[in-house]
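The values are calculated or read from the model by the stated rules, or taken from the named source; none is laboratory data. Given the structure is predicted, the values throughout are model-derived calculations rather than measurements. Counting neighbours? That spans all protein chains shown, and the Cβs are built from the backbone with ideal geometry, glycine included. For the accessible areas, the whole protein counts, side chains as well, though only heavy atoms, and no ligand, DNA or RNA atoms are used. Shrake-Rupley method; radii C 1.70, N 1.55, O 1.52, S 1.80 Å.
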Amino acid sequence: QPRFHENRRMLALLPLLFLLGAAALVWAPARDARRPWPEAALLAAVVSGALAALSAEALGAFQALAPGPAAAFWGVALAGVGLLLWRRRVLTHVRQRLRASPPRLGPAEALFLLGAAAIAVSLLAVALASPPNNNDSLLYHMSRVVHWAQNRSLRHYPTQFEPQLFFPPLAEILILHLRLLVGDDRLAALPQWFALVGSLVAVYGLTRLLRGSKVAAALAAAFALSLPMGLLQATSTQNDYVTGFWLLALAYFTLRWFASPSATYALGFGLGLGLGMLTKGTFYAYALPFVLVMAFGLLRRARRGEAWLQAALIVLAVLAINAGFWMRNLQTYGHPLGPAVGTFARLPAGPGAFAANVIRELGLNLATPSESVNRGLEALVSRTAASLGGEAGFQLTWLWNHEDFAGYPLHLALALGSLIALSVLWRRGESIARVGRYFLLASAAFVSYTFLLIWQPFNLRLQLPFFLLLAPGVGFALGRWLPRRLAWGLAYGLLLASLPWVLLNRTRPMIDWRPRTSVDSVFREPPRSVLLANWTDRRAAFWGATDELRESGCRRVGLWIDSHDLEYPFWWLLDAPQSGVRIEAVGVEAPYLARYADPAFKPCAVVSTVAGGRESWKGLPRVGDFQGIVLFGDPAYFQVP
């Protein structure tokens, strides 16, 4: 089967064209001719995200979450936007606005945009060339996507790895829409890549909203673009970049509402909040300060009727976006967030324990290439945490180009330097109140995250939204404090500093540099080798078992694996479900999941990683053993040894 369906590739443009049309619709005919273009883009993004979530729920309710209905939905949505664009003569307005105030780029700005675009395009090429290979993607991000595509619904199903069910699903719903439109997973990394592009737009808009200069906005964008974890994740199917984008949108609409408390910004806030909550559990912690600030602002205006209407609008937006997900978890687990709350969130025992968590979170950025230095730092941080009453455990891992462990030491130093710059500006008597309040909000978001989330050695990826949130403040402070040429030089330097993470992603490199990269360049390495870049010792087992299954002609495959065994490689290597192969988890004994099993499903083969020495599975004899992956099969399809 071809890995990319050529006759359907253009359908992937439908959501993008809708987004662009919605942005033009918001921007061009605005009565306030000064409405900034980043604001229009962010409004269009939250509306598009909400439509993606709601349409998946609506289609899934009728088991119609399939290519035809998905294409029809986006086609109708695009036609609706096109009709509004025509009736309101938006293209004419766009031309008029561009003629009235044409974009003016100086040499410094043009060079910066060229460099940023080169980085973004390079990452896009990697994203399109690489199959999903992140560990979490192979466990649950992509596994849930193919289950939904097969079931034509977001409903729960039997699985050995339950986070597929109870973790927030929006990033994967976005992947699902693209998969349905084009027929496979070639575009699966685009939600994260678009989150990178969208975050640059949001960072630029926030910096200008803080009254930063163009060089400050460029510096903020360079800070955000050059984040090592962001560069690595922009080509993956993780969800931290998507989370960071919704957080930036939430921050933008918070600041915009306080400047002009209209229903439009309240709706933008509500949609951004709902979408972030539907993307990742860490968003709840990061968003808490913004929710409290917005609640305070609405209460101050409580005597005005529109404040209550805006509060209701926010609540309704959050409920509409999350209701389906919460109801499924309630039905299965008795809690809207499932068991994730107790697993990943725990309040510190006291102020000392909280301070210890902060130290350990920031300490993760101290990893060095020297094992002896790392062991000394671990001992120092662990002793300090223990002396404060917190847990003593602390671990540093030096994998600078791995998307689970890449730190932000340079950006942390720049953030601290920006605080020094703000203090200097304050002593000069310059107005920094607005950016000072923004830094307080960003710091409060990190405090909330540190307070509510359990510390783990791989939490660096969870810090990505915080560092994105810092970018506008850092850009403003350093852009105002540094001489103009030095500020531009720092922006260019950050772009150049991005190159190692653009070129040498450990599992999706543009350039082979063994042993620092696990595979050859993604443009030369076979895709099925890239798929298992983190599991090179398991390639032969997966390839052998799936080759045997394909050759047998069996199209009903049972999957009997351990909860932390990789699932998605079986789907990818069998090109399921689009090839006609149906895969279902078998041997799931938990009654709250077993009730979702299809009693009519009768596998003609079962692939297992936990069979041990077992010679048969429910009448199917053992027909193969591939380095720990055991295959049971119907003799009508397989030759029994």
**Asked** Of L419, L388, L396, L377, which residue is out of contact with any Cys (no Cβ under 7 Å at 6 or more places or on another chain), in contact (Cβ under 8 Å) with a residue 24 or more places away in the chain and closer than 30 Å to R514 by Cα?
**Response** L396
**Message:** Any residue that is surrounded by fewer than 16 Cβ atoms within 10 Å (Cβ to Cβ) and in contact with a strand residue (DSSP E or B) (Cβ under 6 Å, 6 or more places away or on another chain) - is there at least one of those in the stretch 599-608?
**Reply:** yes
**Item:** Test for Q310: is it touching a Leu at 6+ places or on another chain (Cβ under 7 Å), farther than 21 Å from A52 by Cβ and part of a helix (DSSP H, G or I)
**Value:** yes
**Prompt:** When you look at V424, is it in contact with a helix residue (DSSP H, G or I) (Cβ under 7 Å, 6 or more places away or on another chain), modelled with pLDDT under 95, crowded, with 21+ Cβ neighbours inside 10 Å and of a type outside the set (F, W, Y), yes or no?
**Reply:** no
**Fill in**
Of the residues in the stretch 329-358, those that are modelled with pLDDT of 65 or more, part of a helix (DSSP H, G or I) and of a type in the set (G, A, S) come to A340, G352, A353, A355, A356
**Message:** When the residues of the stretch 206-239 are narrowed to those that are touching a Pro at 6+ places or on another chain (Cβ under 7 Å) and part of a helix (DSSP H, G or I), which ends up most open to solvent (accessible area, probe 1.4 Å)?
**Reply:** R208
**Request:** Could you tell me whether any residue of the stretch 144-151 is touching a residue at least 40 places away in the same chain (Cβ under 8 Å), crowded, with 20+ Cβ neighbours inside 10 Å, within 30 Å of S226 (Cα to Cα) and not aromatic (F, W, Y)?
**Result:** yes
**Prompt:** For residues in the stretch 93-128 being exposed (fewer than 13 other Cβ atoms within 10 Å of the Cβ) and of a type in the set (D, E, K, R), which is nearest to P29 (Cα to Cα)?
**Reply:** R95
**Request:** Look at V197 and say whether it is over 30 Å from L531 (Cβ atoms), in contact (Cβ under 8 Å) with a residue 60 or more places away in the chain, in a helix (DSSP H, G or I) and open to solvent by 10 Å² or more (accessible area, probe 1.4 Å).
**Result:** no
**Message:** Can you report the number of residues in the stretch 285-339 which are in contact with a helix residue (DSSP H, G or I) (Cβ under 6 Å, 6 or more places away or on another chain) and on the phi > 0 side of the Ramachandran plot?
**Reply:** 1
**Item:** Residues of the stretch 587-619 satisfying the condition of being among the aliphatic types (A, V, I, L, M) and farther than 22 Å from W543 by Cβ
**Value:** V588, A590, L593, A594, A597, A600
**Prompt:** Out of the stretch 247-264, which residues are part of a helix (DSSP H, G or I) and open to solvent by 10 Å² or more (accessible area, probe 1.4 Å)?
**Reply:** L255, R256, F258, A259, A263, T264
**Prompt:** What do you reckon, is V90 in contact with a helix residue (DSSP H, G or I) (Cβ under 6 Å, 6 or more places away or on another chain), open to solvent by less than 70 Å² (accessible area, probe 1.4 Å) and hydrophobic (A, V, I, L, M, F, W, C)?
**Reply:** yes
**Item:** Any pair with Cβ under 7 angstrom, 6 or more apart, that starts in the stretch 479-498 at a residue that is part of a loop (DSSP other than H, G, I, E, B) and ends at one that is open to solvent by 20 Å² or more (accessible area, probe 1.4 Å) and of a type outside the set (S, T, Y)
**Value:** L482/L490
**Message:** Which of the numbered conditions does S199 fail, given that it passes all the others? Conditions: (1) under 28 Å from Y592 (Cβ atoms); (2) hydroxyl-bearing (S, T, Y); (3) within 17 Å of the chain's Cα centre (by Cα).
**Reply:** (1)
**Complete:** Scanning the stretch 570-592 residue by residue, the ones that are open to solvent by less than 40 Å² (accessible area, probe 1.4 Å), of a type outside the set (S, T, Y) and either out of contact with any Phe, Trp or Tyr (no Cβ under 7 Å at 6 or more places or on another chain) or at positive phi (or both) total 11
**Request:** Working carefully through the options L441, L460, find the one that is within 22 Å of G363 (Cα to Cα), in contact (Cβ under 8 Å) with a residue 40 or more places away in the chain and open to solvent by less than 10 Å² (accessible area, probe 1.4 Å).
**Result:** L460
**Complete:** Within the stretch 499-516, the residues that are of a type in the set (F, W, Y) and without any contact (Cβ under 8 Å) to a residue 12 or more places away in the chain are W513
**Item:** Residues that are among the small types (G, A, S) and either in contact with a Gly (Cβ under 8 Å, 6 or more places away or on another chain) or within 12 Å of D240 (Cβ to Cβ) (or both), drawn from the stretch 435-475
**Value:** A442, G475
